[in-house]
1. Enumerate the amide H contacts of Ile19 below 5 Å, restricted to partners 5 or more residues apart or on another chain; note that Pro and chain-start residues carry no placed amide H.
2. Mind listing the long-range amide H neighbours of Leu179? Cut-off is under 5 Å, sequence gap 5 or more, other chains count too, H placed in the peptide plane at 1.01 Å from N.
3. Counting each DSSP H run of 4 or more residues in the chain as -39500 (n - 2.57), what helix-only mean residue ellipticity at 222 nm follows after dividing by all residues, to the nearest 500 deg cm²/dmol?
4. May I ask for the net charge around Val60, where only other residues with Cβ less than 10 Å from the Cβ of Val60 are counted and Lys, Arg are +1 while Asp, Glu are -1?
5. With each label point set 7 Å from Cα along the Cα-Cβ vector, what nm distance links Gln161 and Ser77?
6. 7 Å from Cα along Cα→Cβ at both Tyr150 and Lys254: what's the point-to-point distance in nm?
7. Explain nothing, just compute: Karplus ³J(HN,Hα) = 6.51 cos²θ - 1.76 cosθ + 1.60, θ = phi - 60°, for every residue of segment 162-172 in order, whole Hz, x for Gly and Pro.
8. Which stretch or stretches of segment 44-65 have amide N atoms under 20 Å from the point lying 7 Å from Met88's Cα along the Cα→Cβ direction?
Amino acid sequence: MPNVTLTTLSKLKQTGEKITCLTAYDATFSQLVNEAGVEVILVGDSLGMVLQGNDSTLPVTVADMAYHTRAVKRGNSSALIMVDLPFMSYPNVDQALASSAQLMQAGAHMVKLEGAGWLAPIIKALVQNGVPVCAHLGLTPQAVNLLGGYKVQGRLDEQAQVILDDAKALEAAGASMLLLECVPSVLANAITEAVSVPVIGIGAGSGTDGQVLVVHDMLGLTRGHRQPRFVKNFMLDQQDVPGALRAYVEAVKKVEFPAAEHEF
Ligand code: KIV
Ligand code: NA
């Protein structure tokens with residue numbers, strides 16, 4: 001597969017072919033995810049929970065993210081590597097630039113940050129400095145203490161309108177991609193139509209331009225808490241991990257995943 005770039009993703013949105021994304025935090029999974037034909041690898045700060053055993057993503061540092069990005073880069077052949085800016089590493093333009101410099105130099109092709117309209121000047125500065133940005137909206141796990149738990153966002157019309165307006169504002173600020181987590185499918189569909197950049201969803205229904213899952217969740221490895229509604233265990237019908245990863249890609253491309261039972 002030729003190297004996936006922002007141009008590739010934009011063409012997929014235009015042609016209506018779904019974009020596939022999975023997390024990877026190390027070289028082995030990076031290689032496996034590449035072999036399955038996934039377009040975007042997310043080095044997610046979910047590694048704070050999945051790998052480090054924390055009960056939220058807040059303890060993760062930029063140094064942690066850079067370490068895992070270097071490992072993923074070594075296993076990568078052609079996927080676009082998107083890396084999370086962790087909690088409190090982008091409270092203002094200067095710190096966002098410094099944090100992103102570390103991640104880009106470690107091998108990121110793009111950074112992802114969580115928030116809302118207030119991110120616009122930060123996104124603008126990153127883009128001016130050559131850093132493509134994905135804006136993560138809806139359920140933003142770095143704000144779990146403010147949100148009072150991991151809950152679906154945008155259920156009320158008023159909240160939904162705020163998220164839609166934020167999505168448009170962040171596209172206008174220069175975001176090259178949006179990621180929607182745990183929002184009702186109707187809202188995700190409205191945002192996907194309203195913006196021209198690709199929209200990736202998790203718990204956002206099948207109408208977004210692409211899908212992402214935490215790889216440990218979709219392989220049925222995650223322990224200790226009930227799996228969220230949007231997770232499907234792709235190992236159940238497969239013999240091995242490469243088979244499960246291929247089954248995920250095929251299900252997303254055929255719009256068989258997510259199904260109605262996975263959405264809000
Ligand atoms: O950190 C992560 O894995 C994420 C996904 C859940 C979207 O941000
Ligand atoms: Na994340």
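Taken together, the values in this text are just the output of simple stated rules run on the coordinates, not laboratory data. The model shown is predicted, which means the values in this text are computed figures rather than measured ones. Glycine also receives a Cβ, built like all others from the backbone with ideal geometry; neighbour counts cover every protein chain displayed.
1. Gly210, Gln211
2. Excluding prolines and chain starts, which carry no amide H, the hits are Ala135, His136, Leu137, Ile200.
3. Working: 11 runs with 108 residues, N = 264.
That calculation yields -12000 deg cm²/dmol at 222 nm.
4. On the way: positive: none; negative: Asp45, Asp64, Asp84.
Its environment carries a net charge of -3.
5. If labels sit at Gln161 and Ser77, their model points lie 5.1 nm apart.
6. 2.8 nm
7. Result, ordered by residue: 4, 5, 4, 5, 4, 4, 5, 5, 6, 5, 4 Hz.
8. The answer is 45-50, 52-65, whose backbone nitrogens lie closer than 20 Å to the label point.
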